[in-house]
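What follows is a single structure, written as structure tokens, with notes after it.
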Amino acid sequence: MTAVFTPSLFDAVPDDTGRVAADALPTGPADVSWAALHRTELDERSWVDVVPGWMPGADVWFHELAVEVAWNQRRRRMFTQEIVEPRLTCGWALDEAPSPAEHLAAALVDRYREPFDRVSANFYRDGADSVAWHGDRVRFVHPRPVVAIVSLGAPRRFGLRALAGGDTRWLTLCGGDLLVMGGRCQHEWQHTVPKEPGAGPRISVTFRHGDRGPAGARTERARDVPAWALR
Ligand SMILES: O=C(O)CCC(=O)C(=O)O
């Protein structure tokens, strides 16, 4: 489908075909910097790292993905109703993901010592698109999954709340920012990108690893989760 976005919001100006020069993108893992990393301990077991401006050329990648990716509009059946997901999505094995995903994954592997091997992307076309409160399904096969999200395009609010209750933590992710959730975050916390009237288009690119963790054991409720479900 044709992606809808607003080029004037960003530095990189696409040509008539919607393409922009790719020379600003990382050409290796060392092109990203961890200098601005800030870790927040959510509780004794869960943490979130934020690295503002982690990815150089983020606007360029936003344009490339918006134009080049064959975005899917997923639908779900809920009882008798069909729900159209309020965002577009796509997913790849790492070696098939759009460049420079492999360089970014290599930098993440280097830092977090997890074998990030799958990539997915959400396209929030405007502020009416969103993702509801959830924990990622990778928790079904890993006791402490690390989930890394690169934010591209317009700023959006990102919320985290503990399943045990308490205040919701809010932060704003801007183009090029990296957010990494770890520890028991997918098990004991939920996250969301809520609807935000007036927000511009945003793409999030998420890196996950599908291995089963140090013990090689499946976690609670993890019986027969198919590979495609590990988001
Ligand atoms: O877009 C984001 O930052 C969050 C994406 C997400 O939570 C998901 O795809 O499961």
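The values are calculated or read from the model by the stated rules, or taken from the named source; none is laboratory data. Note that the structure is predicted; figures quoted are calculated from it, not measured. Cβ atoms come from the backbone with ideal geometry, glycine included; neighbour counts cover every protein chain shown.
Specify which of the listed residues (PRO14, PRO56, PRO7, PRO52) is modelled with pLDDT of 95 or more and touching a Pro at 6+ places or on another chain (Cβ under 7 Å).
Values: PRO14 fails: modelled with pLDDT of 95 or more; PRO7 fails: modelled with pLDDT of 95 or more; PRO52 fails: touching a Pro at 6+ places or on another chain (Cβ under 7 Å).
Exactly one residue qualifies, and that residue is PRO56.
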Which condition number in (1) at pLDDT 95 or above; (2) within 20 Å of THR89 (Cα to Cα); (3) among the charged types (D, E, K, R) is the one that ARG137 fails? (1)
Subset of segment 67-99, residues of a type in the set (Gly, Ala, Ser), away from the ligand (no atom under 14 Å from the Cβ) and within 26 Å of ASP49 (Cα to Cα), comes to ALA93, ALA97, SER99
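Does GLU102 satisfy being more than 22 Å from THR192 (Cα to Cα), away from the ligand (no atom under 14 Å from the Cβ) and buried (at least 16 other Cβ atoms within 10 Å of the Cβ)?
Values: more than 22 Å from THR192 (Cα to Cα): yes; away from the ligand (no atom under 14 Å from the Cβ): yes; buried (at least 16 other Cβ atoms within 10 Å of the Cβ): yes.
In short, yes.
Just for segment 67-99: of the residues that are polar (S, T, N, Q) and at pLDDT 95 or above, which one is surrounded by the most Cβ atoms within 10 Å (Cβ to Cβ)? Outline the logic, then answer.
Taking segment 67-99 as the starting set, the residues that turn out to be polar (S, T, N, Q) are 72-73, 80-81, 89, 99.
Cutting the leftovers down to at pLDDT 95 or above gives us 72-73, 89, 99.
Values: ASN72: 13, GLN73: 11, THR89: 16, SER99: 13.
Among those that are polar (S, T, N, Q) and at pLDDT 95 or above, it is THR89.
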Here is a list of conditions, (1) in a loop (DSSP other than H, G, I, E, B); (2) crowded, with 18+ Cβ neighbours inside 10 Å, and ASP43 meets all of them except one; can you say which number that is? (2)
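Would you point out which residue out of PRO226, PRO194 is modelled with pLDDT under 80 and either within 14 Å of the ligand (Cβ to nearest atom) or out of contact with any Gly (no Cβ under 8 Å at 6 or more places or on another chain) (or both)?
Numbers: PRO194 fails: modelled with pLDDT under 80.
Within the list PRO226, PRO194, the selection yields PRO226.
Could you tell me whether GLY153 is touching a helix residue (DSSP H, G or I) at 6+ places or on another chain (Cβ under 6 Å), more than 10 Å from the ligand (Cβ to nearest atom) and within 19 Å of PRO86 (Cβ to Cβ)?
In short, yes.
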Only residues that are surrounded by 15 or more Cβ atoms within 10 Å (Cβ to Cβ), β-branched (Val, Ile, Thr) and closer than 25 Å to PRO56 by Cα: list them for segment 125-172, please. VAL146, VAL147, ILE149, VAL150
